[in-house]
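Novice: So that we are looking at the same thing, I have put the structure below in structure tokens.
The values are calculated or read from the model by the stated rules, or taken from the named source; none is laboratory data. Values in this document were obtained by computation on a predicted structure and should not be read as measured data. All Cβ positions, even for glycine, are placed from backbone atoms using ideal geometry, and neighbour counts span all protein chains on display.
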Amino acid sequence: MQFDFTELEPESRYRLLTNFIGPRPIALVTTRSSAGQNNAAPMSFFNVFSHDPPILILGVQPRLSGEEKDTIVNIRRTGEFVVNMVDMAISQQMLVCGLGFDSEVDELEMAGLEAMQCNQIDANYVASAPCALECRVERLIEFPRRVLVLGEVVHMHVRRDCLDAEGRYVNPGVYQPIARLHADNYITSDRQFVLEPPSITDFIKSRRD
Ligand SMILES: Cc1cc2nc3c(=O)[nH]c(=O)nc-3n(C[C@H](O)[C@H](O)[C@H](O)COP(=O)(O)O)c2cc1C
């Protein structure tokens with residue numbers, strides 16, 4: 001089947017893009033409200049795009065009412081946010097944070113997630129998250145119905161058991177983030193495998209043989 005995106009309505013674009021571009025990692029984004037409360041919301045329009053500078057991107061759409069979500073209201077005001085990565089252990093809590101609570105509700109408290117003060121920004125991160133990345137807004141790219149948030153990572157918390165003994169590389173037996181597929185379907189990273197490229201000389205030789 002062919003789909004002309006220049007003709008498609010937004011609902012079909014959303015369905016096709018999110019059904020086929022995945023798994024998408026999930027950022028549980030924590031921010032500080034104007035009243036000083038925690039706000040938390042999951043975002044799967046999310047990924048890392050650069051390490052030098054270290055840039056993450058979030059795509060935040062308005063609510064159906066057209067109002068901006070608390071996450072973007074807080075990010076605009078403070079210029080700061082945290083990306084907490086999500087594993088199976090906090091998957092249900094992540095879903096609770098995604099419910100449409102009123103702005104004054106502390107979703108971390110609602111979900112039963114312990115909050116810890118960040119090192120370099122004025123926000124809290126999720127204590128039990130396998131890792132959390134403190135970010136400052138690098139720039140906002142505004143579209144009529146979407147804001148792309150480019151965040152520069154200024155600090156990272158990694159739970160000790162998610163790293164190897166030397167504290168350098170990830171421990172894949174422990175760090176198994178979940179990711180979003182289509183609709184309410186998710187996947188966890190518990191079937192990891194090694195895929196090593198052949199050497200270019202061996203590859204060229206094998207084509208000759
Ligand atoms: C797994 C998951 C991924 C989501 N991804 C996004 C996203 O990328 N962008 C977005 O605007 N909303 C996304 N949402 C919906 C928001 O989390 C939801 O609207 C939330 O209530 C917003 O909260 P806030 O008003 O506190 O920011 C997602 C929800 C879930 C459960």
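Novice: Of all residues in the stretch 163-209, count the ones that are within 16 Å of the ligand (Cβ to nearest atom) and either in a loop (DSSP other than H, G, I, E, B) or among the hydrophobic types (A, V, I, L, M, F, W, C) (or both).
Specialist: 9
Novice: Yes or no: the stretch 95-107 includes at least one residue that is surrounded by 15 or more Cβ atoms within 10 Å (Cβ to Cβ) and either at pLDDT below 95 or in a strand (DSSP E or B) (or both).
Specialist: no
Novice: Determine whether the stretch 135-155 contains at least one residue that is modelled with pLDDT of 95 or more and farther than 26 Å from Pro62 by Cα.
Specialist: Just the residues of the stretch 135-155 that are modelled with pLDDT of 95 or more, to begin with: 135-143, 146-155.
So of that shortlist, the ones also farther than 26 Å from Pro62 by Cα come out as 154-155.
Checking the stretch 135-155: at least one residue is modelled with pLDDT of 95 or more and farther than 26 Å from Pro62 by Cα.
Novice: Going residue by residue through the stretch 170-184, is there one that turns out to be more than 27 Å from Pro42 (Cα to Cα) and without any contact (Cβ under 8 Å) to a residue 24 or more places away in the chain?
Specialist: Within the stretch 170-184, the subset more than 27 Å from Pro42 (Cα to Cα) is none.
No, the stretch 170-184 contains no residue that is more than 27 Å from Pro42 (Cα to Cα) and without any contact (Cβ under 8 Å) to a residue 24 or more places away in the chain.
Novice: Determine which member of the set Ala40, Ala35 is within 18 Å of Ile121 (Cβ to Cβ) and either surrounded by fewer than 21 Cβ atoms within 10 Å (Cβ to Cβ) or without any contact (Cβ under 8 Å) to a residue 40 or more places away in the chain (or both). Don't jump to the end; show me each part of the working.
Specialist: Values: Ala40 fails: either surrounded by fewer than 21 Cβ atoms within 10 Å (Cβ to Cβ) or without any contact (Cβ under 8 Å) to a residue 40 or more places away in the chain (or both).
It is Ala35.
Novice: I would also like to ask the following. Can you name the condition, by its number, that Ile178 falls short on among (1) touching a helix residue (DSSP H, G or I) at 6+ places or on another chain (Cβ under 9 Å); (2) more than 30 Å from Arg63 (Cβ to Cβ)?
Specialist: (2)
Novice: Keeping to the stretch 83-125, report how many residues are more than 15 Å from the ligand (Cβ to nearest atom), farther than 16 Å from Thr188 by Cβ and aliphatic (A, V, I, L, M).
Specialist: Adding up the residues that qualify gives 2.
Novice: Oh, and also: Which is of a type in the set (Phe, Trp, Tyr) and more than 24 Å from Leu163 (Cα to Cα), of Phe143, Phe49, Phe81?
Specialist: Result: Phe143 is the single residue among Phe143, Phe49, Phe81 that is of a type in the set (Phe, Trp, Tyr) and more than 24 Å from Leu163 (Cα to Cα).
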